[in-house]
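Participant: Okay, handing you the structure first.
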Amino acid sequence: MKLGIIDMEMATTHFQVKLDTLAAALNVDPNKYRYGLRQEAFSMPALDEDPVTLAATAANRLLQRTGREGIRTMIVATETGIDQSKALGLFVQTLLELSSNMRIIETKQACYSATASLQMALGIVARKPEERVLVIASDVARYAVDTPGEPTQGAGAVAMLVGADPQLLEIEPASGVWSAHIDDFWRPNDSSTPMVDGARSLDAYLGAFTGAWEDYLAQGGSPIEEIDYFVHHQPFTKMAIKGHRRLVEHTGAAIDEQRVEPSLSYTPQLGNTYTASLYMGLLSLLHSDLDLTGKRIGLYSYGSGAAGEFFTMVPQPGYQKLLHPEIIAAAIADREELSFAEYRRLHAAHERGSKQDYTNPRVTGAPYRFAGVRDGARYYQHNEPQAATGAFSVLR
Ligand code: COA
């Protein structure tokens, strides 16, 4: 029985910041961002957007195509969750009016946890093939201003429906995993931005890659010559190229970089989407002009701290019929551009606690919005005109 991804969708934010704008304001050579990092812009949430609204928007787009039948589990992967205790998916369940007969959890291990969530979902559908599992990766990557990470910010979500006999992608059983305690990137509970040792995070990414690759081979994975295309985690686009070069060096195989390039169309525009990043790369490859039917795609998932996993997927016959590249093209193109001053003001305005009540201005055009905080609890709304006067009307 084949198991894998039945369909997938994405969402991103209302705003974007162009890196040429950032470079000019910070007096940095724009070529450093354009060619050194291979980044052109990043997505930035409005005050009424957050990982919940991104997750709900992506999942809504997906479920409109797939329906909800058989979905009894939702796993939301995030490293920018909104609560230390309650799973983000419970807010999504309410916004999407999903069934109460569901198990809903949140997973965390930096950018890696969407991959662990996919593997858990496969275990569930292997046991009950009549069920389907909704896996969502959703994050807002917000770095401190005036740090090397600032140009690598971003935000976005990818929703995937996992099940038996998938029409889009089979996920093959072999998988290589690698984990070790490394302080390369982390975010303490009382900090809204991460601590980053940039150079160490690059080393950890590459070390976890060879560790996961060797384990993949030991677990009966395919030889590198039998992997047709590659998608690597993309905290910034150049990192995926660096990872690929390390794999080539490690294996001694002559693998053309053209086998990774088709996965690199979206991250230069979106920036780092943390848990969603690898899967934005996968969408980029699927949306390319290539006929990938029956081809083997190797995916390298990485999360600082650190964990890596290498595994493979195979696009199924007719998979192209399920693709909607126009949705991501519009999501990227429709973002409103911020000036440097507007961006910095918004960045500072996102620094909010839960001790004081606030109501968010109505900005996003997405179907769901984060209305504000009252008595320490977050409130969300359907973004319909009639909801305009009814702040806090949905979730209490
Ligand atoms: N024109 C073209 N390229 C230029 C350039 C210019 N004018 N100036 C610099 N560059 C290149 C550098 O040569 C370097 O390329 P290389 O890595 O291929 O050698 C690249 O731009 C970055 O320059 P560097 O000086 O290393 O940048 P930095 O000190 O500002 O830091 C990161 C870069 C990636 C470490 C930093 O952006 C960061 O910390 N990002 C976050 C990392 C992260 O999120 N990790 C966690 C997940 S893995």
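Readers should treat all values here as calculations from the given coordinates under stated rules, not as data from a laboratory. Given the structure is predicted, the values throughout are model-derived calculations rather than measurements. Every residue, glycine among them, receives a Cβ derived from its backbone with ideal geometry; neighbour counts consider all protein chains shown.
Participant: Cut-off 10 angstrom, C-alpha nodes, Gaussian network model of the chain. Which of Gly89, Gly252, Gly294 fluctuates the most?
Facilitator: Gly252
Participant: Any lysines with Cα under 23 Å of the Lys32 Cα? List them, leaving off those in the same chain fewer than 8 positions away.
Facilitator: Within the straight-line limit of under 23 Å, Lys32 reaches these lysines: Lys18, Lys238, Lys242.
Participant: Restricting to Cα pairs below 8 Å that are 6+ residues apart, what does the relative contact order work out to for the chain? Please round to a whole percent. Don't skip to the end; give the middle numbers.
Facilitator: Values: 917 pairs, mean separation 92.6, N = 396.
It comes to 23 percent, rounded to a whole number.
Participant: Please give, to one decimal in nm, the separation of the simple spin-label points placed at Asp165 and Ala329, each 7 Å out from Cα toward the Cβ.
Facilitator: Going from the Asp165 label point to the Ala329 one covers 3.3 nm.
Participant: Separate question: Note down the magnitude of the dipole of the stretch 1-49 about its Cα centre, charges +1 on Lys and Arg C-beta and -1 on Asp and Glu C-beta and zero elsewhere, to the nearest 20 debye. Kindly include the intermediate steps, with their values, before the conclusion.
Facilitator: On the way: 5 positive and 7 negative charges, 62 e Å.
Dipole size: approximately 300 debye.
Participant: Would you list which lysines come within 21 Å of Lys86, measuring only between C-alpha atoms, while excluding same-chain residues fewer than 8 positions from it?
Facilitator: Cross-link targets: Lys108, Lys355.
Participant: About the Cα centre of the stretch 241-396, how large is the charge dipole given +1 on each Lys and Arg Cβ and -1 on each Asp and Glu Cβ? Please answer in debye to the nearest 20. Could the numbers behind the result be given before it?
Facilitator: Values: 17 positive and 16 negative charges, 109 e Å.
Roughly 520 debye, rounded to the nearest 20.
Participant: Take the Cα of Ala25, step 7 Å along the line toward its Cβ, and report every residue of the stretch 341-360 whose backbone nitrogen sits under 14 Å from that point.
Facilitator: 341-350
Participant: Shifting gears a bit: Hey, which lysines would be in cross-link range of Lys128, C-alpha to C-alpha under 22 Å, not counting anything within fewer than 8 residues on its own chain?
Facilitator: Lys2
Participant: Report the full-extension gain for the segment Lys321 to Ala144: residue separation times 0.36 nm, less the Cα-Cα distance, to one decimal in nm. Mind dumping the intermediate values first?
Facilitator: Working: separation 177, 0.36 × 177 = 63.72 nm, distance 4.15 nm.
Full extension of this stretch gives 59.6 nm more.
Participant: With charges only on Cβ, +1 for K and R and -1 for D and E, what is the dipole size of the chain about its Cα centre, in debye, rounded to 20?
Facilitator: In debye, rounded to 20, the chain gives about 760.
Participant: Looking only at Ile332, Ile75, Ile224, which one moves most when the chain is put into a Gaussian network model with springs between Cα atoms under 10 Å?
Facilitator: Top of the fluctuation ranking is Ile224.
Participant: Also: Answer with one residue from Ser222, His324, Leu96: the one whose Cα lies farthest towards the positive end of the charge dipole of the chain, charges on Cβ with Lys, Arg +1 and Asp, Glu -1.
Facilitator: Leu96
Participant: Next up: So what is the 222 nm mean residue ellipticity for the chain from helices alone, if each DSSP H run of at least 4 adds -39500 (n - 2.57) and you divide by all residues, rounding to the nearest 500 deg cm²/dmol? It would help to have the intermediate numbers written out before the result.
Facilitator: Working: 10 runs with 116 residues, N = 396.
For the chain, the value works out to -9000 deg cm²/dmol.
Participant: Please label the shape of the stretch 241-316 as rounded, prolate or oblate, based on the square roots a ≥ b ≥ c of the eigenvalues of the alpha-carbon gyration tensor (a/c under 1.5 means rounded; beyond that, a/b larger than b/c means prolate, else oblate). The partial results should precede the final answer.
Facilitator: Details: a/c = 1.44, a/b = 1.04, b/c = 1.38.
In terms of gyration-tensor shape, rounded.
Participant: Identify, among Thr267, Leu168, Met120, the residue whose Cα sits farthest towards the positive end of the charge dipole of the chain, taking +1 on the Cβ of Lys and Arg and -1 on the Cβ of Asp and Glu, with the dipole about the Cα centre.
Facilitator: Of Thr267, Leu168, Met120, it is Met120.
Participant: Hey, another quick one. Treat the count of other C-beta atoms within 10 Å as a stand-in for reagent exposure and order Val125, Val133, Val248 from fewest to most. Don't skip to the answer; put the middle values down first.
Facilitator: Working: Val125 23, Val133 26, Val248 16.
Fewest to most other Cβ atoms nearby, the residues stand as Val248, Val125, Val133.
Participant: If you take all C-alpha pairs in the stretch 257-396, what percent of them are over 17 Å apart?
Facilitator: Values: 7070 of 9730 pairs.
That tail contains 73 percent of the Cα-Cα pairs.
Participant: In the calculated pair distance distribution of the stretch 85-218, what percentage of Cα-Cα distances lie above 25 Å? Mind dumping the intermediate values first?
Facilitator: On the way: 3617 of 8911 pairs.
Roughly 41 percent, rounded to a whole number.
Participant: On to the next question. Report the one residue of Ala307, Ala348, Gly207 whose Cα lies farthest in the direction of the positive end of the charge dipole of the chain (charges on C-beta: Lys and Arg +1, Asp and Glu -1; origin at the Cα centre).
Facilitator: Toward the positive end, the furthest listed residue is Ala348.
Participant: Cα gyration tensor of the chain, axes a ≥ b ≥ c as square roots of the eigenvalues: rounded (a/c below 1.5), prolate (a/b > b/c) or oblate? Provide the component values of the computation, followed by the final result.
Facilitator: Working: a/c = 1.63, a/b = 1.18, b/c = 1.39.
Taking the square roots of the gyration eigenvalues as a ≥ b ≥ c, the chain is oblate.
Participant: Can you bin the stretch 1-102 into rounded, prolate or oblate? Criterion: square roots of the alpha carbon gyration tensor eigenvalues sorted a ≥ b ≥ c, rounded for a/c under 1.5, prolate for a/b above b/c, oblate for the rest.
Facilitator: The shape class here is prolate.
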